[in-house]
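Comments concern the structure below.
The values are calculated or read from the model by the stated rules, or taken from the named source; none is laboratory data. Remember, predicted model here, so these are calculated numbers, not experimental data. When we count neighbours, we look across all protein chains shown, and the Cβ atoms used for this are built from the backbone with ideal geometry, even at glycine. Please note that ligands, DNA and RNA were not included when accessible areas were found on the heavy atoms of the full protein model with its side chains. Shrake-Rupley method; radii C 1.70, N 1.55, O 1.52, S 1.80 Å.
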Amino acid sequence: MTSPRQFWDSFVFLPDKGGRLAHPEPHAELARYLEALGRVDPVSGLPVFSEFVISGLKKAAKSTTAAASGLWSLTADPWHHDREVLISSCDEDQSLVVFGIAAKIVRRHPWLRKQVRVLNREMVYAETLTDQRTGGQYREEHVLRALPRDVRGLHGLNPSMVIWDEHWAADDYLQIEALAPSPARLWPRMIYSSYSGLRSQQHAGNPWFDLVQRAKRGDDPKLFYSHIGGPDGWKQIPWIT
């Protein structure tokens with residue numbers, strides 16, 4: 001079983017300062033998040049966290065982190081059959097930004113390039129599985145999609161993971177409610193990624209503000225919170241000088 005950190009270390013290539021592709025060493029908060037995404041409770045055997053809030057300054061690799069998380073879930077998440085990874089944002093263009101980063105990661109690695117079919121707004125990963133009862137083999141396809149902002153059309157989906165990028169731009173709960181976790185999934189995950197947003201949005205009723213306040217309270221054991229901010233926050237990001 002490939003953990004999120006192992007996936008990052010093995011499959012994610014990004015251009016270094018010289019323009020050459022290299023494995024990026026995750027900064028401390030990113031490493032903490034990757035460990036949390038794969039953390040399993042030793043008693044129940046289930047994942048510890050179902051929601052992840054990634055709050056950070058611009059250029060802290062939030063969208064790249066989201067893309068890598070989606071690809072890990074697409075190809076290696078052990079908790080779901082017929083995996084359906086959905087990328088959502090304030091509009092389709094922003095969803096396609098994360099999708100585009102994921103597509104670059106796929107094209108830069110020979111195994112991913114061979115195993116993952118990249119279409120315009122969708123990626124498909126097919127694997128051969130063995131039925132533990134009969135011993136027979138069957139093919140199962142898993143899908144990653146970049147979503148449009150279409151509240152009516154999103155109801156009824158059954159995602160194993162939903163990635164919300166630039167969540168600060170959500171001005172209501174309509175799309176959030178449309179993609180609420182399905183009870184048909186054993187352990188669906190929700191990943192929210194954003195920078196702090198505008199000062200005018202810092203009030204109750206704003207989805208990102210409400211979410212961050214809930215994360216800061218620390219009273220939900222299934223919610224993981226990562227934050228990089230403040231005037232010296234950029235010092236935690238090795239590629240920002």
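Values for this structure:
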{"read-out": "Charge context of Val48, other residues only, Cβ under 9 angstrom, K/R +1, D/E -1", "value": "+1"}
{"read-out": "Per residue value of the accessible surface for the chain (all protein chains in place, 1.4 Å probe), Å²", "value": "51"}
{"read-out": "Over the chain, relative contact order from alpha-carbon pairs under 8 Å, at least 6 apart, %", "value": "26"}
{"read-out": "Principal axis dimensions, largest first and in whole angstrom, of region 173-236 by Cα", "value": "44, 26, 20"}
{"read-out": "In sequence order, calculated HN-Hα J values of region 130-137 (Karplus, 6.51, -1.76, 1.60; Hz; x Gly/Pro)", "value": "10, 6, 5, 7, 9, x, x, 9"}
{"read-out": "Translational D in µm²/s for region 1-106 (Stokes-Einstein at 10 °C, 1.306 mPa s, Kirkwood Rh from C-alpha pairs)", "value": "107"}
{"read-out": "For Arg189, residues with placed amide H under 5 Å, excluding near neighbours", "value": "Met161, Val162"}
{"read-out": "Note, ³J(HN,Hα) from phi for region 75-80, Karplus 6.51, -1.76, 1.60, rounded to Hz, x at Gly and Pro", "value": "9, 9, 5, x, 9, 9"}
{"read-out": "Distance cut-off 16 Å, percentage of C-alpha pairs in region 112-209 lying past it", "value": "69"}
{"read-out": "Dipole in debye (nearest 20) - region 57-99, about Cα centre, beta carbon charges: Lys, Arg +1; Asp, Glu -1", "value": "340"}
{"read-out": "Identified option (computed Cα extents along the principal axes in Å; candidates (1) 63, 45, 36; (2) 58, 38, 32; (3) 58, 45, 41)", "value": "(3)"}
{"read-out": "Rg and Dmax [Cα atoms of region 23-69; Å; Rg one decimal, Dmax integer]", "value": "12.1, 38"}
{"read-out": "Net charge over other residues, Cβ less than 14 angstrom from the Cβ of Leu129 (K, R count +1; D, E count -1)", "value": "-3"}
{"read-out": "Cα centre as origin, Lys/Arg/Asp/Glu Cβ charges: the chain dipole, Debye", "value": "660"}
{"read-out": "Accessible-area composition of the chain, carbon plus sulfur, in percent [1.4 Å probe]", "value": "52"}
{"read-out": "The chain, helix-only ellipticity at 222 nm - DSSP H runs n ≥ 4, -39,500 (n - 2.57), divided by all residues, nearest 500", "value": "-9000 deg cm²/dmol"}
{"read-out": "Pairs beyond 31 Å (Cα-Cα), from Lys104/Lys235; Lys114/Lys216; Lys17/Lys222; Lys58/Lys216; Lys62/Lys222", "value": "Lys114/Lys216; Lys17/Lys222"}
{"read-out": "Using θ = phi - 60° and Karplus 6.51 cos²θ - 1.76 cosθ + 1.60, couplings along region 226-241 (whole Hz; Gly, Pro as x)", "value": "10, 9, 10, x, x, x, 9, x, 4, 5, 7, 9, x, 8, 9, 10"}
{"read-out": "Cα centroid separation - region 11-29 against region 55-105, whole Å", "value": "17"}
